[in-house]
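A.B. asks: This is the structure I have questions about; it appears just below.
Values quoted throughout were computed directly from the atomic coordinates according to the rules given, and no laboratory measurement underlies them. Quick caveat: nothing in here was measured; it's all calculated off a predicted structure. A quick note on method: Cβ atoms are made from the backbone with ideal geometry, for glycine too, and the neighbour counts reach across all protein chains shown.
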Amino acid sequence: MDIRMNNKKNISMKNLKLIAIALIALFTSCDNNDDAQTNITIPTDGFTHNGQFFETPNMYLEINEDDSDNDNIPDSYTVFFSNGRMFDNDANVNGSSGDYLFSLNTTNFVFLQVYASENPDLTVAGPLPGNTYIVNNTDDSLLIENAQITPLNPSYITNGIEFGMGDENYGTIITPNNTNPTITLNELNIDNNTPANSTVDIDYTFTAANGDIITGHYSGTFGVIQD
């Protein structure tokens, strides 16, 4: 393998680990993310569907470190955009189910899963700015509009935020057609001194099962989940 490729891979993995180490402690307490809008007057963090803008000012990145093929590269990355907070629910708090809980104010949500096996660049290095990645177009990738979150019983509150589970009887769940959604990583700025201040700039395109084309954008800091 080209030595420059090895260096590229090592640098990318180092950056990912720096971010993960710095943010995982924060995320355990639930919700490091970005609440600041790039433009307060005209929000740009969100997705547009049929001319309607759905704001998603928060982003999380889940890094799957299973490494089933032993190449020292995570098997997949999952990107979440939301107008609420997320909580990693590995402990199934208060008898809840599901991998994640959501703050009760969550109404818009995007789930995009990127597999290294479907993106050859990711088998060489971690996500790099300037690259466009194919999103897996199964039901694992979806958008939700006008969701409703049901409180837990007993309630679960952490850092002053109450979390609950999504109610499948409410909202509009949008799945992709046979065209893979894509994510373009425009910028990735790693703050090695304070990894929690690292930022991304992302555009994504999602073609719904009915043919609707949905476009989204996010720019800001992000929380990290290690799976």
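A.B. asks: Report the extension gain between Asn192 and Ile213 in nm, rounded to one decimal, defined as 0.36 nm multiplied by the number of residues separating them, less their alpha carbon distance.
C.D. replies: So the chain would gain 3.9 nm between Asn192 and Ile213.
A.B. asks: For a paramagnetic label modelled at 7 Å from the Cα of Glu162 toward its Cβ, which residues of the range 74-111 fall within the zone defined by backbone nitrogen distances under 11 Å?
C.D. replies: Correct set: 104-105.
A.B. asks: Separation between the Asp203 and Gln52 pseudo-spin-labels, each 7 Å from Cα along Cα→Cβ, expressed in nm?
C.D. replies: 2.5 nm
A.B. asks: Turning to a different aspect of this structure: Given charges of +1 on the Cβ of Lys and Arg and -1 on the Cβ of Asp and Glu, with all other atoms neutral, how large is the dipole of the range 55-155 about its Cα centre, in debye to the nearest 20?
C.D. replies: 540 debye
A.B. asks: So what J values fall out for the range 119-131 if you push phi through Karplus, 6.51 cos²θ - 1.76 cosθ + 1.60 with θ = phi - 60°, rounded to Hz, Gly and Pro as x?
C.D. replies: Karplus-based 3J(HN,Hα) across the range 119-131 equals 9, x, 4, 6, 7, 9, 8, x, x, 10, x, x, 9 Hz.
A.B. asks: Also: Using per-residue counts of other Cβ atoms within 10 Å, averaged over each peptide, order 155-165, 81-91, 188-198 from highest down.
C.D. replies: 81-91, 155-165, 188-198
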